[in-house]
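Asks: Just dropping this structure here.
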Amino acid sequence: MLNAPLALKLFEGFSIERWNDLIRPFALIEVDKAAEKMALAYIIGKFEEERGGEIDWDWAMHAALFELFRKIALCDIKSPVQRMIKSEFPGEYRKLNEWALEQYRPLLGDGELFGMFAAYLAEIAGSAPPQGDAVRLRTARVLRAAHKFSTFRELEMISTVNEAQRLEKIRGEIWLDIDEFLDLRGVQKLITRQRPFRFLLSIEQLRFQIRWNQTPRVPKTSVLGHSFFVAALTLLLGRGTGVSLCPKRRFNNFFSALFHDLPEAVTRDIISPVKQATDGLSAIIKTIEGEVVAKELLPLMESFYADELLYFIGSEFDNRILEGGKTRAVPFEELNARYNDDRFSPVDGMLIRLADHIATFMEADLSIKHGITSPHLVEGRKTVLEAYQTSPPVSNFDIAGFLAQVQ
């Protein structure tokens, strides 16, 4: 279940810079990397499903969250150093991961989630054998391939401003890592710069777009990083609804949150006050987004996941189901009582909206606390507070109490 200390800990990921011993043409942030990795995992995983291979999306989503937990706890130790410790001093590496786990014991009130995190760390540390059957192992390979290719993309981005000699050894190591996954159809398509790669380029544009671009703010957050943070919050919020969400609902919630700002890859971020400048502007922008997505993004999507992605982003903040091939909005209570079943492909849009508002509030509030403020940040923070000040729980989550704890 989500709580304020855990959300604040997750937000630390926006302050962790990557590749900080090399020249960087833009900020390379840990949460942005997590977001791109999961977008790639979705693409690669969908190719595997198209070939008849089942993917354990539940494990993939939680593994992404746990890996960010681990990165935040161990951010002072560079990845190459961690790999050396794992290879040469496996006992110490296990202790290091156990120490990272203990940092989250007071934050994770959810005993089941803590147990899952412990199992994940034990597995990657080598103190426990890989869990599960062929499905689980296939999923682990998809996630690992996504991790390696997203690292490769970062290397390509910084290669334009670094001398070749600085990157030669790193490039060779990454190519060797990727070679292990060349049997995956999605990786083949990405490496050979086919349609999935062009789609990835569009997704990456969200990494360059900074939220609250009209005001100074620390830490700055990209649209892509914000989207992963919203997805992580949505995953945690879903565990506290009081309902055992069906697998498709959990999957839809996470990836709808991850891709909820995808249209901004072609429209760019338009802040809420501007969207609300006139009574009809918000609806007009939504219509234009749909047209632009159909024209510029849809041709980059594979046919076997295009409809699903459009379902994710079409009415991103509505509780909804698919019935008879059509999207239908339903209230939260009905979603639980009648449609909490994979065959209805349910989505908790209001939960995603809540996570989006929490992220927005924290982006403004934490910058103000750091001493970097502006009328935009103060107003944004105030707007979220007022919206939920006397609000009843949303999907059984006490948002007013949560915001009071964050402040």
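Asks: What distance in nm separates the simple spin-label points at residue 389 and residue 89, each placed 7 Å from Cα in the Cβ direction?
Replies: Each label point is offset 7 Å from its Cα along the Cβ direction, giving 5.4 nm.
Asks: If you build a Gaussian network model of the chain, linking Cα atoms that sit under 10 Å apart, which residue out of 234, 383, 139 swings the most?
Replies: Result: 383 has the largest fluctuation of those listed.
Asks: Also: Considering only 55, 284, 372, give the residue with the highest GNM mean-square fluctuation for the chain, with springs between Cα atoms whenever their separation is below 10 Å.
Replies: Of 55, 284, 372, the most mobile in the Gaussian network model is 284.
Asks: Order the peptides 310-322, 385-397, 89-101 from the highest to the lowest mean number of other Cβ atoms within 10 Å of their residues.
Replies: Numbers: 310-322: 19.4, 385-397: 14.5, 89-101: 16.1.
Those peptides, ordered most packed to least, come out 310-322, 89-101, 385-397.
Asks: Follow-up question, since we're still on this one. Under a point-charge model restricted to the Cβ atoms of Lys and Arg (+1) and Asp and Glu (-1), what is the dipole moment magnitude of the chain relative to its Cα centre, in debye to the nearest 20?
Replies: Details: 50 positive and 56 negative charges, 99 e Å.
Charge dipole, the chain, about its Cα centre: 480 debye, nearest 20.
Asks: Using the Cα centre of the chain as origin and beta-carbon charges of +1 (Lys, Arg) and -1 (Asp, Glu), tell me which of 241, 228, 346 is placed farthest towards the positive end of the dipole.
Replies: The residue sitting most towards the positive pole is 228.
Asks: Place a +1 charge on the Cβ of each Lys and Arg in the range 1-117 and a -1 charge on the Cβ of each Asp and Glu, then give the dipole magnitude about the Cα centre in debye, rounded to the nearest 20. Spell out each step's value before the answer.
Replies: On the way: 15 positive and 20 negative charges, 82 e Å.
So the dipole magnitude of the range 1-117 works out to roughly 400 debye.
Asks: Only residues of the range 55-90 count here: report those whose backbone N is under 16 Å from the spot 7 Å along Cα→Cβ of residue 134, or say none.
Replies: 55-56
Asks: How many nm separate the modelled label positions at residue 81 and residue 333, each set 7 Å beyond the Cα in the direction of the Cβ?
Replies: 5.6
Asks: Here's a follow-up. Taking θ = phi - 60°, what integer Hz values does the Karplus form 6.51 cos²θ - 1.76 cosθ + 1.60 yield along the range 362-374, in sequence order, with x for Gly and Pro?
Replies: Each residue of the range 362-374 in turn: 5, 4, 6, 4, 5, 5, 4, 5, 6, x, 10, 9, 6 Hz.
Asks: Using amide H atoms built in the peptide plane, which far-off residues or other-chain residues are under 5 Å from residue 394 H to H?
Replies: Hits under the 5 Å cutoff: 399.
Asks: Within the range 78-200, how many Lys pairs that are eight or more residues apart, or on different chains, come under 23 Å at the alpha-carbon?
Replies: Lysine pair count for the range 78-200: 9.
Asks: Length gain on complete extension for the stretch residue 208 to residue 168, per 0.36 nm per residue less the alpha carbon to alpha carbon distance?
Replies: Extending this stretch completely gives an extra 11.9 nm.
Asks: May I ask which residue of 252, 335, 360 lies farthest towards the positive end of the charge dipole of the range 223-406, with charges of +1 (Lys, Arg) and -1 (Asp, Glu) on Cβ and the Cα centre as origin?
Replies: 335
Asks: If you work out Rg and Dmax of the Cα atoms in Å from the coordinates, which of [x] 21.5, 73; [y] 23.2, 99; [z] 20.7, 63 do you get?
Replies: Here the calculated entry is [z].
Asks: In percent, how large is the relative contact order of the chain, given Cα pairs closer than 8 Å and 6 or more residues apart? Mind dumping the intermediate values first?
Replies: Values: 486 pairs, mean separation 75.3, N = 407.
Here the relative contact order equals 19 percent.
Asks: Just want the ordering: 286, 37, from fewest to most Cβ atoms lying within 10 Å of their own Cβ. Walk me through the numbers before you get to the answer.
Replies: Details: 286 14, 37 24.
Ascending Cβ contact count within 10 Å gives the list 286, 37.
Asks: Where does the chain land at 222 nm, in deg cm²/dmol rounded to the nearest 500, when only DSSP H runs of n ≥ 4 count, each adding -39500 (n - 2.57), divided by all residues? Walk me through the intermediate numbers first.
Replies: On the way: 20 runs with 256 residues, N = 407.
Taking each H run of at least 4 residues, the total per residue is -20000 deg cm²/dmol.
Asks: Still on this structure, I have one more. State the Cα centre-to-centre distance between the range 1-66 and the range 101-180 in whole Å.
Replies: 10
Asks: About the Cα centre, and with charges only on the beta carbon of Lys, Arg (+1) and Asp, Glu (-1), how big is the dipole of the range 63-201? Nearest 20 debye, please. Write down the numbers at each step before the final one.
Replies: Numbers: 22 positive and 19 negative charges, 110 e Å.
So the magnitude is around 520 debye.
Asks: Considering only 165, 209, 103, give the residue with the highest GNM mean-square fluctuation for the chain, with springs between Cα atoms whenever their separation is below 10 Å.
Replies: 165
Asks: Enumerate the aspartates and glutamates that residue 33 could reach by cross-link, defined here as Cα to Cα under 16 Å, with residues fewer than 8 away along the same chain left out.
Replies: Hits, sequence-local ones excluded: 12, 17, 67, 154, 156, 204.
Asks: Further question on the same structure: Before anything else, pin down the relative contact order of the range 4-196: Cα pairs under 8 Å, at least 6 apart, normalised by residue count, whole percent. Intermediate values should be presented prior to the final figure.
Replies: Values: 160 pairs, mean separation 57.6, N = 193.
Across the range 4-196, relative contact order equals 30 percent.
Asks: Along the positive direction of the dipole of the chain (beta-carbon charges: Lys, Arg +1; Asp, Glu -1; about the Cα centre), which of 72, 109, 155 reaches farthest?
Replies: 155
None of the figures in this text is laboratory data; all of them are computed from the coordinates on show. The shown structure was predicted, so the numbers you read here are calculated from the model rather than taken from an experiment. Heads up, the Cβs are rebuilt from the backbone with ideal geometry, glycines too, and the neighbour counts pull from every protein chain shown.
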